[in-house]
Every structure is written in C-alpha cells, then in structure tokens.
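Remarks on the structure that follows.
The values are calculated or read from the model by the stated rules, or taken from the named source; none is laboratory data. Given the structure is predicted, the values throughout are model-derived calculations rather than measurements. No Cβ is skipped: glycine too gets one built from the backbone with ideal geometry, and neighbour counts run over all protein chains shown.
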Amino acid sequence: MQALGMLATFDLRALKHNSARYIHAVSEALKLAFADRERHYGDREDALASVAGLLAPAYLQGRATLIRMNRARPRRRRRATRDPATAVTRRGRDAGRSGSGAAAAGAAADGTTHIAAIDRDGNMICLTPSGGVFRKSAFAPELGCTLSTRSEMFVLEDDHPNALAPGKRPRTTLVSYLICEGGVPTMTVGCPGGDDQTQADLQLVLNLLIFG
C-alpha cells in the first residue's frame, strides 16, 4: 500500500507496461517501502497510529520525491551503528541470496501456499498459510503440531520495532489482499514467495488497475 501511494504520483500508463522506465519506478518505490518496513514495522503498541502515518498521502508524496528516474538508489552497506532505514539481520540478508542445485531444490519444498476462493454469492476468502521452514520446526507430540519457525524473523536489536521480546509476534512476509470498490469486495490477490509476495502482488494490482 505504501508503494501504491508513492506510484500514484507517477503517470504509469504513460511509462508503458513493463518498460524499463516503468520497472524502474516500481522498483524504486518498493525500495523505499522496504526501507520503511525495516525502520517502522513490528508488533508495537502504537501500530495503528504508525501505519496511518506511513500511509498518509503527504508522507507518501514526500517519499515519492526521492525517486529519480535517471538513477537507481544504491543498496547501502550496513553501518557499524544501526541505520534504522537499512537495518537487517545477517540471517535475513543471507536468506535473500539465491541458491542453486540441490540446495535450491530442497528449499523450494518448504514453501508457502496461497489459497483464494469466491463463491456464487460473492463471499471471498484468501489465506497465505506458512509455518516457515518446516524442516527446522520442532514437533510437539502433546500438541499434535509443529512449532512455527517464524520467530527467526525477529531483529535482534533492543530498540527495533521488530525486536525479540516477551509477548511479541514477529513481523512476517505473509500478506493477503481483499480489494474493494466503494466498500464492496470485488477480488482477492495473493501469492507465495517470502519477500516476493509484496513485489508480485504490487505488479498484479497495477496490471489490473492501470493496464486492465
């Protein structure tokens, strides 16, 4: 939603679907949205106020002014002292590297699933179930289920909004969308894929809304 708000300041249709300039604009908006995620997203007491501020049109217009159509924002190196806009754990950074051969095939077997259903009366449901990497999950016989590995997505920095703390839920990549027109649900959007979810879903929404 942050990326959509930034891209609303661009004439995407004029850039032409999947042109180099179009992909550049979408990618740069996503970089800024992900930077905000690293700085602000987490299970926190002021979550609703924080989300409202991040989705405020004035804020998103300001973020959009940082997008330069003649150059890409570089990926910053992690500083010795925490830079909240780029803070990631080593585990999260390594997880973004693509594998090959048997290792990649093994990782794919653990994936996430997306399920969407719409009945004849227009009732809709969308689910993106995922327990993390099931090979690493601990099975609890007395519970009859595995304990999710999602806790690995906490950031091990005390002052981070996604910091590991008692009673807190980790930030995850799981997202499902219900799209409404005039308050009436019209469709769902979702997919598996970790951080690919928000990137692919953004393209699905833009394909539909901008390019029909």
Notebook entry, point to check: Do we find a residue being assigned to a helix (DSSP H, G or I), touching a residue at least 60 places away in the same chain (Cβ under 8 Å), loosely packed, with under 15 Cβ neighbours inside 10 Å and out of contact with any helix residue (DSSP H, G or I) (no Cβ under 9 Å at 6 or more places or on another chain) anywhere in the stretch 146-163?
Noted result: no
Check: Looking at PRO170, is it over 13 Å from LEU4 (Cβ atoms), part of a strand (DSSP E or B), of a type outside the set (Gly, Ala, Ser) and in contact (Cβ under 8 Å) with a residue 24 or more places away in the chain?
Finding: no
Next item on the list: Check every one of the helices (runs of 4 or more DSSP H) wholly within the stretch 1-52 and list those with 1 or more residues that are aromatic (Phe, Trp, Tyr) and either surrounded by fewer than 17 Cβ atoms within 10 Å (Cβ to Cβ) or at pLDDT 95 or above (or both).
Entry: 20-40
